[in-house]
Amino acid sequence: MAKITSLRVNERNVAGKGAARAERRAGLIPGVIYGEKKAPIMFSIPALDLDAQMRQKGFWTRQFEIEVGKQKCHAICQDVQTDPISDRPVHVDFLRVSDNTEIVIEVPVMYENELACPGIKLGGTLNAIYRVIEVSCKPKDIPETLFVDLTGLEINDVVKMSDIKFPAGVKPVEEEDVTIASIAAPSTAEEEAPAEAADAAAAPAAGTASSAS
């Protein structure tokens, strides 16, 4: 179930690059709330407040109740634009949603139970093709994380989209037969390293025996 976070922001009445730069000089990040066929709402939020929200787990899948002046909007964050040099946020976009809004959103994937994966115990490695998965659902059903259970997987086994247990009301956008991860066999280099080390250790012994004869 998606967590709903209350967020109070400042109403912003002046648009344009000059006004946005002035906001940023004052330690504020300009933003906009749009969607649901309603007029966009411009706002600004203290940079420290936005940073604190972004540092919390599940920021991109969380539903916010944003208070702007006398208005309250339910929204999710769609994008945070950053400065190409400092990588600091310069603008934030929120998408307005309602209980019946069907949205497509990326949800982080967590691979668990590696210690119960025979393939990894034998030297195989997890090849995680998907770190996020696009799903379709209503805001109230947005999962914070999707879990992939690695229990019992052998070397060369694969995990399909259909192997994930999606919560009720949540559907993957891609086909169910898409491979999202696999247990890769140990690389040839890793297998040959012990043999090469053994050969190197044996070489001096062989040379010494030859001299003695």
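A few comments on the model shown:
- For the set Ser182, Ser44, solvent exposure ranked by accessible area (probe 1.4 Å, protein chains only) runs largest to smallest as Ser182, Ser44.
- Accessible area of the chain belonging to carbon and sulfur atoms, whole % at 1.4 Å probe: 52 percent
- Across region 76-134 the C-alpha pair distances fall into 10 Å bins from zero in the proportions 16, 26, 27, 20, 11 percent.
- Note on Arg25 and Arg8: the extension gain reaches 4.1 nm, defined as 0.36 nm multiplied by sequence separation minus the Cα-Cα distance.
- Whether region 61-186 is rounded, prolate or oblate, judged on the alpha carbon gyration tensor where a/c under 1.5 counts as rounded: prolate
- Label positions at Glu65 and Ala184, each projected 7 Å from the Cα along the C-beta direction, are separated by 4.7 nm.
- Were the residues from Ser162 through Lys38 laid out at 0.36 nm apart, the gain over their Cα-Cα distance would be 40.9 nm.
- Mean shadow area of region 1-80, taken as a quarter of the surface of its Cα convex hull (nm²): 5.5 nm²
- Checking [x] 39, 25, 14; [y] 52, 25, 12; [z] 27, 22, 15 against the coordinates, the calculated semi-axes √(5λ) of the Cα gyration tensor in Å falls under label [y].
- Cross-link pairs beyond the 29 Å C-alpha cut-off, checked among Lys17/Lys171; Lys17/Lys140; Lys70/Lys171; Lys121/Lys165: Lys17/Lys171; Lys17/Lys140; Lys70/Lys171
- Once the Cα-Cα distance is subtracted from the 0.36 nm per residue extended length, the Phe147 to Lys72 segment shows a gain of 23.7 nm.
- Seen from Pro30, the other residues with C-beta closer than 12 Å to its C-beta sum to a net charge of +2, counting Lys and Arg as +1 and Asp and Glu as -1.
- Phi-derived couplings, Karplus 6.51 cos²θ - 1.76 cosθ + 1.60 at θ = phi - 60°, listed residue by residue for region 19-36: 5, 5, 4, 4, 4, 5, 5, 8, x, 10, 10, x, x, 8, 10, 9, x, 6 Hz, with x used for Gly and Pro.
- Amide hydrogen neighbours beyond the local backbone of Gln78, cut-off 5 Å, H modeled: Asp93, Phe94, Leu95
- Crossing angle, helix 188-212 versus the chain [Cα axis fit, 0-90 degrees, rounded to tens]: 30 degrees
The values are calculated or read from the model by the stated rules, or taken from the named source; none is laboratory data. This is a predicted model, so every value here is computed, not measured. Note that we place each Cβ from the backbone using ideal geometry, even for glycine, and neighbour counts take in every protein chain shown. When the accessible area is computed, the model is the full protein with side chains, heavy atoms only, and any ligands, DNA or RNA have been set aside. Shrake-Rupley method; radii C 1.70, N 1.55, O 1.52, S 1.80 Å.
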